[in-house]
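Okay, structure first, notes after.
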Amino acid sequence: MHVIPQLVVSTILLGGIYALIAVGLTLIFGVMRVVNFAHGEFLMLGMYLAFWAFALLRLDPYVTLVLSLPLVFGFGWLSYRMVMRPVIHSSHNVQVFTTVGLSIVLQNVALVLWSADSQFVRTSYYTVVVRIGTAVLNLAQLIAFAVAVLCTAALFAFMRWSYTGKVMRATAQDRAAASLMGIDTGRVFALTWAVGVTCVGVAGVLLAPIYPVYPTAGLQFVLIAFVAVVLGGLGEMAGALIASLIVAAVEVVGSYVIGTAWKEVLYLLLFIGILVVRPAGLLGQRGAEAIGT
Amino acid sequence: MKSTWPAITFFALAALGPVLVRDAFLLDSLILILLWGATAAAWNVAGGYAGQVSLGHAAFFGLGAYSAALLGTKWDLSPWIGLLVGAVLATACGFIIGFLSNRLRGPYFVLATIAFSQVFLIVASRWRGFTSGSEGIPVPFRPGFWTLGITDKRVWVVIVLVLAVSVYLVELYLERSRRGYQLAAVREDEDAALSLGVPARRLKVAAIAVSAALTAVAGALWAQYVGFVDPFYVFSVDLSVRFALAAILGGIGTPLGPFLGAALILMLETYLRARFGGIGAGLVGIYLIIYGTALILMVRFAPQGLVPLIGERVRRRPVAGAGS
């Protein structure tokens, strides 16, 4: 069974990237109670950022990664101020359609500006391959995984130990009480949104050297992130992490056993299965789905 | 706006269309307004009246389109039979989806419906042997009413008008019947409705099933009218959003709103096509940017839609208000 090490390595690498996309999504839901349907579009913008920096300025995607942090964060903050803030206290349906609208707008701005053609970031080390035992993997994948793990760990540490992180968790637990304790929840929401967007933007920059870049590139990843987030329990960051690995395992093993064409069906069925059997997810609180919060 | 006069005027004008207008372009617009209006109204049965906001209704639309197209091309059956089969299949799927996701509320329900429609998309685009995969199915043109090979657009107006009025009547039933009131109670506060003995679960599932069946009928007719079924279009989330947007724009939970919303969207589309004609992808992009912006602004500033907004205006004026 020489394929098993390869499957394991592929799962872990893929799971790391999915985790970075998923933690941003689940963070936004946990604190703001908003399902961000535009999450994939922020990923796509991150990919384009890496592509244009590479094509125009010959910047290596990993240099772009560092430079882009304030840019992506600022864009996230701005999108919150312009689009999300007015509806932050509205009903779920209003919020769902606001983020869906945002997703349509961002996708098509990319389409009009940069056309529907697939773009590629071909770095000089594009074909470099790393061997671990019998498993073979691409260098870009390995770097993406390492940075994703680093970012996710940094986010966990930030949420756990920093004062701001504590404030965010307090707001997630009880908005009204947090307000009464003098927490400016409006700023917390803006910050949460911007941090979530930054996570997924970074993921986009990391994915650019591996996957083709086009206006709807975010879609395939965000669907997986939704599965991972619900499986882990909406709003549960640790759950999102574990679930990302499970989803990656389903995808990798599924592709190997039944072929890549049908792998999506597998995780969608997994998704529907969770929603039906235990919508609260692995770590979520039971009954959350019925209150709708 | 409890009055049905605006709706009667609307449908009467639509019925006069084929008598007065000969222009193929205008008739085509009328057909599309009625067809998309009917799908939005069908969405409204679940999303507006039952409060089961779905972004997966394209699944039912595609099911109808594929049933009519496949039965026609594979077994040489009439699209009317395909339409019926599609409606039955969609009802069954509506029951299953409604039943399985019954506990889910808010964003959970939305996510579940998207997942369901994605499963349909993948099956339709990958099952090459049966659905001819991502290439889609060209619907053969066989002249005659029984085979729906109709070139006269005036006949099409009548066909889709029948569908549109039927869906409108379903909405009106929900607006005025005991069941409709019960459904509204479930939508506003399910726990309170349950405590009063309203069979909440049964009502919600039934609303989704009816909504699914009507959407499938629209899908089957659309496939025959357009003549081509593309899985990435008929099962797309974008299409589901379109149904919802028309209903939201016009007025979610109002019977005529979805039709007005559909008319507005089509007018916007036509205007932009005339304005930026020939740019191709750019045109679609600009259209969709406006469309997305409209969605964001609409739910922010007028989440109730245009019909209640106009209704309020009319009611504020004492003379005009007396009628409504």
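Values quoted throughout were computed directly from the atomic coordinates according to the rules given, and no laboratory measurement underlies them. For clarity, every value in this text was computed on a predicted model and none was experimentally measured. Ideal geometry is used to build each Cβ from the backbone, glycine not excepted, and the neighbour counts take in all protein chains shown.
Values for this structure:
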read-out: Prolate/oblate/rounded call for the range A:175-223, Cα gyration tensor, a/c under 1.5 rounded; value: prolate
read-out: Interatomic Cα distance distribution for the range A:166-258, bins of 10 angstrom, percent; value: 14, 34, 33, 14, 5, 0
read-out: Rg to Rh quotient for the range A:30-91, alpha carbon positions, Kirkwood Rh; value: 1.08
read-out: Local electrostatic count at residue A:48 - Lys and Arg +1, Asp and Glu -1, tallied over other residues with Cβ under 13 Å; value: -2
read-out: Most positive-pole-ward Cα, B:58, B:82, B:97, against dipole of the range B:1-129 from beta carbon charges; value: B:97
read-out: Cα gyration tensor of the range A:144-220 - equivalent ellipsoid semi-axes, whole Å, descending; value: 31, 15, 8
read-out: Of the trypsin sites (Lys or Arg not before Pro) in the range A:89-175, those whose Cβ has at most 13 other Cβ within 10 Å and which sit in DSSP loop; value: A:122
read-out: Cleavage-rule hits, chymotrypsin sites (Phe, Trp or Tyr not before Pro), the range B:188-287, DSSP coil, Cβ neighbours within 10 Å at most 16; value: B:276
read-out: Reachable aspartates and glutamates, given that their alpha-carbon falls under 18 Å from the alpha-carbon of residue B:204 and they are not under 8 places away in the same chain; value: A:289, B:171, B:175, B:188, B:189, B:190, B:191
read-out: Per DSSP, loop chymotrypsin sites (Phe, Trp or Tyr not before Pro) in the range A:122-168 with at most 16 further Cβ within 10 Å; value: A:125, A:126
read-out: Net charge dipole size for the range A:73-230 [Lys, Arg +1 and Asp, Glu -1 on Cβ; Debye, nearest 20]; value: 280 debye
read-out: Net charge, residue A:265 excluded, C-beta distance under 15 Å - Lys, Arg +1, Asp, Glu -1; value: +1
read-out: Shielding score for B:287-298, defined as the mean number of other chain Cβ atoms within 10 Å; value: 6
read-out: For the range A:3-291, the spread of Cα positions along each principal axis, largest first, Å; value: 56, 45, 35
read-out: Alpha-carbon gyration tensor eigenvalues x 5, square-rooted, for the range A:13-157, Å; value: 30, 20, 13
read-out: Rg to Rh quotient for the range A:74-131, alpha carbon positions, Kirkwood Rh; value: 1.23
read-out: Burial ranking of peptide ranges A:197-206, A:51-60, B:19-28 (average Cβ count within 10 Å, highest at the top); value: A:197-206, A:51-60, B:19-28
read-out: DSSP H segments from chain A that extend 20 Å or more along their own axis, Cα-based, with Kyte-Doolittle mean of -1.0 or above; value: A:3-32, A:39-57, A:61-79, A:92-114, A:139-161, A:185-207, A:217-232, A:237-258, A:263-277
read-out: Exercise: per-residue mean of other protein chain Cβ atoms within 10 Å, A:254-265; value: 2
read-out: If the convex hull is drawn through the Cα atoms of the protein assembly as shown, its volume per residue in Å³; value: 169 Å³
read-out: Among A:178, A:276, A:215 - extreme Cα towards positive end, dipole of chain A, charges at beta-carbon; value: A:178
read-out: Relative contact order (percent, whole number), chain B, Cα cutoff 8 Å, 6+ residue spacing; value: 31 percent
read-out: Gaussian network model of chain A, Cα within-10 Å springs - most flexible of A:177, A:50, A:240; value: A:177
read-out: Binned Cα-Cα distances of the range B:1-139, short to long, each 5 Å bin given as a whole percent; value: 2, 9, 13, 17, 16, 16, 14, 9, 4, 1, 0
read-out: Relative contact order of chain A, pairs being alpha-carbon contacts under 8 Å that are 6 or more residues apart, as %; value: 35 percent
read-out: 10 Å-binned pair-distance histogram of chain B (Cα, whole percent); value: 6, 26, 35, 24, 8, 1, 0
read-out: Span-rule helices in chain B, defined as complete DSSP H runs reaching 18 Å or more along the axis (Cα) with Kyte mean at least 1.0; value: B:5-20, B:24-44, B:79-100, B:107-126, B:153-176, B:200-226, B:237-250, B:281-301
read-out: Cα-centre dipole for the protein assembly as shown with unit charges at Cβ (Lys and Arg positive, Asp and Glu negative), debye to 20; value: 840 debye
read-out: Rounded to the nearest 20 debye, dipole of the range B:5-235 from Cβ charges on Lys, Arg, Asp, Glu; value: 380 debye
read-out: Anisotropy class of the range A:72-173 from Cα gyration tensor, a/c 1.5 cut; value: oblate
